[in-house]
Amino acid sequence: MQEQNEARSFTVRQIEGELKRLRRKQNSRRIFRQTVFSLLVVAAAAVLAAMLFFPIFRITGSSMEPTLNAKEIVVCLKSSRFQSGDLVAFYYNNKVLLKRVIGTAGDTIEIDDSGNVFVNGSQLDEPYITKKSLGQCDIDFPYQVPDNRIFVMGDNRETSVDSRTTAVGCIADEYVIGKVFLRVWPLERLDTLD
């Protein structure tokens, strides 16, 4: 009889042990599911924020050299207020282009044969360019920027196709994505672009 009680007691211990193991396994699965769900929510929020508020772009081409070079990665801030000198991203022919704001609505732009840029009669101080050039230009100066538009130019004036040509012209507000404010790649060139 004593042997039967010990056998029953041992079986109860086994059952309790098995129940504890199953509960731990169930808790582990629940924690794993919650962790995966949390990571997915964070990833989705990051992607949504990047698309809606902080678009990220990889530079191609040479029109913004030396400020921005090919293969660099920059972050934009959705904005609709710009001033002369801001770097902006905008849509043009199903592409995203990055250029520098030279003038906004109502400003009068003039560029002389040497490549000196004047806005409202004052010459721009442009430390971001290495060589002045009139570049590809088929508009007549002085040129007044229409309402709800911005006049943009690349920093590499010889190669940039920008508002100096009628092909691009001034950029309408609805095509502007935002202001480029941060270079994130390569890491050694990480800085703000004000």
Legend entry - Nearest-20 debye value, the range 73-191 charge dipole, Cβ charges on Lys, Arg, Asp, Glu: 480 debye
Inset, instruction - Name the residues whose placed amide hydrogens come within less than 5 Å of the amide hydrogen of Leu124, ignoring near sequence neighbours (fewer than 5 apart) on the same chain. - result: Val117, Phe118, Val119
Legend entry - Extreme residue, positive dipole direction of the chain, given options Gln83, Gly106, Asn94 (C-beta unit charges): Asn94
Inset, instruction - Please list, in chain and number order, the residues 5+ apart from Ile102 or on another chain whose amide H is under 5 Å from its amide H, with Hs placed from the backbone. - result: Gly85, Phe151, Val152, Met153
Inset, instruction - Can you check how the C-alpha radius of gyration of the range 60-166 compares to 2.2 N^0.38 Å, as a plain ratio? - result: 1.01
Inset, instruction - Express the Stokes-Einstein translational diffusion coefficient of the range 101-146 in µm² s⁻¹, to the nearest whole number, given a Kirkwood radius over alpha-carbon pairs, 10 °C and a viscosity of 1.306 mPa s. - result: 144 µm²/s
Legend entry - Accessible surface of the chain, 1.4 Å probe, proportion on carbon and sulfur as whole %: 54 percent
Inset, instruction - Kindly flag which residue pairs out of Lys99/Lys179; Lys99/Lys132; Lys71/Lys131 have an alpha-carbon separation exceeding 18 Å in this structure. - result: Lys71/Lys131
Legend entry - Surface accessible to a 1.4 Å probe, per residue, for the residues of the range 39-183, Å²: 53 Å²
Legend entry - Hydrodynamic radius of the range 116-187 per Kirkwood, over alpha carbon pairs, in Å: 13.9 Å
Legend entry - Peptides ranked, highest mean first, by Cβ atoms within 10 Å: ranges 146-155, 166-175: 146-155, 166-175
Inset, instruction - Using only Cα atoms, find the angle between the long axis of helix 2-52 and the longest principal axis of the chain, and express it within 0 to 90 degrees, rounded to the nearest 10. - result: 10 degrees
Inset, instruction - Give, in whole angstrom and from largest to smallest, the semi-axes √(5λ) of the equivalent ellipsoid of the chain, with λ running over the eigenvalues of the Cα gyration tensor. - result: 65, 16, 12
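The values are calculated or read from the model by the stated rules, or taken from the named source; none is laboratory data. Since this is a predicted model, take the numbers as computed values, not measurements. We place every Cβ from the backbone using ideal geometry, glycine too, and count neighbours over all the protein chains shown. Ligands, DNA and RNA are excluded from the accessible area calculation, which covers all protein heavy atoms including side chains. Shrake-Rupley method; radii C 1.70, N 1.55, O 1.52, S 1.80 Å.
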